[in-house]
Amino acid sequence: MTNRIIKRLPLSALILAVFSSGSVLAGNHWDSVEVQTVPVRDGLYMLMGEGGNIGVSVGEDGTFIIDDQYAEMTDKISSALGAVSGSTPRFLVNTHWHGDHAGGNENFGKKGSIIVAHENVREALKVEKSIPAFNMVKPPSPKEALPLITYQREMSLHLNGDDLRLYHVANAHTDGDSIVHFSKANVLHTGDVFFNGFYPFIDTASGGSIAGMIAASKKLLDLADENTRIMPGHGPLASKAELQAYHDMLVTAEANIAALKKAGKSVEDVVAAKPTAGLDGEWGDGFLQPDVWVSIVYAGMKD
């Protein structure tokens, strides 16, 4: 989703967008969606359209992308790649399995792209997945949409003059999240462990937790310096300072909510206590209202 759209969607619409084919979003709006190409570094770009931000590397070894948004976006994404001298992606990394990041897998897989992801992503795509609380269901994906290469903890790709490192960050946004580090270019793609400027969705039904989000953002901070350019899963291109502010927000929110849960408060009591009141002015204007976000965080916390 574009930044403007994602900040206006209620949770129900977000879940529909994440777990369904993109066609459940408004009628025939796909024709009006524009893909914005944001230069990051030489040969590196971020595409912003309808779904998670796409990382792009173009060079002598071909085109490499991170995430692919919805199936309905494939033609526009391909056009945007062509505009920066890119071609059909040789490799495609899924940062996780949600439909706004991996919905184009089948289309690109049929074109010959080799899909790479954490092993849990392949397993999630192979089967029916749901968020029970919202009665949302994703059917099993076809063979062409499945990652051909999977990893457990870390792996490397050496493409277009750079050494890329993929790291699994456990139980963060989901149980299969990857972050990608372009080590020479000093660029990070975070997937949905980083929403720049607003409260992040945490898929607790798929193993996500605020503790994992904090650990993932700390890992990103350890990889970054003041010159690092950071492509978030959603939101504008970011700096380390913006990532630090996000990390600090998560730490504060976790502490406030955990203290109430440890005291035996129910989710209704915790929501009523407004534990994020001091954060809502800066972070609460996204697609998740603060009360909803607090209830999601609570649900993902261990007793």
Answer residue from region 189-242, given it is among the basic types (K, R) and out of contact with any Lys or Arg (no Cβ under 8 Å at 6 or more places or on another chain) and is nearest to V121 (Cα to Cα) among those: K219
For region 184-200 the number of residues that are assigned to a loop (DSSP other than H, G, I, E, B) and aliphatic (A, V, I, L, M) is 1
Across (1) free of Cβ contacts under 8 Å to residues at least 60 places away in the same chain; (2) touching a helix residue (DSSP H, G or I) at 6+ places or on another chain (Cβ under 7 Å), Y45 clears everything bar (2)
Do we find a residue being in contact with a strand residue (DSSP E or B) (Cβ under 8 Å, 6 or more places away or on another chain), closer than 15 Å to P200 by Cβ and not small (G, A, S) anywhere in region 243-252? yes
In region 83-142, anything out of contact with any strand residue (DSSP E or B) (no Cβ under 8 Å at 6 or more places or on another chain), aliphatic (A, V, I, L, M) and exposed (fewer than 15 other Cβ atoms within 10 Å of the Cβ) is listed as V127, A133
Within region 102-119, track down each residue that is within 17 Å of the chain's Cα centre (by Cα) and closer than 14 Å to S141 by Cα. A102, G103, G104, N105, I115
Within the bounds of region 190-198, is there any residue that is at pLDDT 95 or above and farther than 19 Å from G284 by Cα? yes
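Condition check ((1) at pLDDT 95 or above; (2) within 21 Å of V35 (Cα to Cα)) across all residues:
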{"position": "Y70", "(1), (2)": "no, yes"}
{"position": "G86", "(1), (2)": "no, yes"}
{"position": "I115", "(1), (2)": "yes, no"}
{"position": "A133", "(1), (2)": "no, no"}
Can you list the strands (runs of 3 or more DSSP E) found entirely within region 75-166 that contain at least 3 residues being within 22 Å of I179 (Cβ to Cβ) and in contact (Cβ under 8 Å) with a residue 40 or more places away in the chain? 114-118
Yes or no: A273 on the phi < 0 side of the Ramachandran plot, surrounded by 15 or more Cβ atoms within 10 Å (Cβ to Cβ) and touching a helix residue (DSSP H, G or I) at 6+ places or on another chain (Cβ under 7 Å)? yes
Can you find a residue in region 167-183 that is part of a helix (DSSP H, G or I), surrounded by fewer than 19 Cβ atoms within 10 Å (Cβ to Cβ) and at negative phi? no
Subset of region 187-230 (residues that are touching a Gly at 6+ places or on another chain (Cβ under 7 Å) and charged (D, E, K, R)): D192
Residue, surrounded by the fewest Cβ atoms within 10 Å (Cβ to Cβ), within region 276-292, restricted to residues that are modelled with pLDDT of 95 or more and of a type in the set (A, V, I, L, M, F, W, C): A277
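The values are calculated or read from the model by the stated rules, or taken from the named source; none is laboratory data. Fair warning: this is a prediction, and the values are worked out from it, not measured in the lab. Glycine gets a Cβ as well: all are built from the backbone with ideal geometry, and neighbour counts include every protein chain shown.
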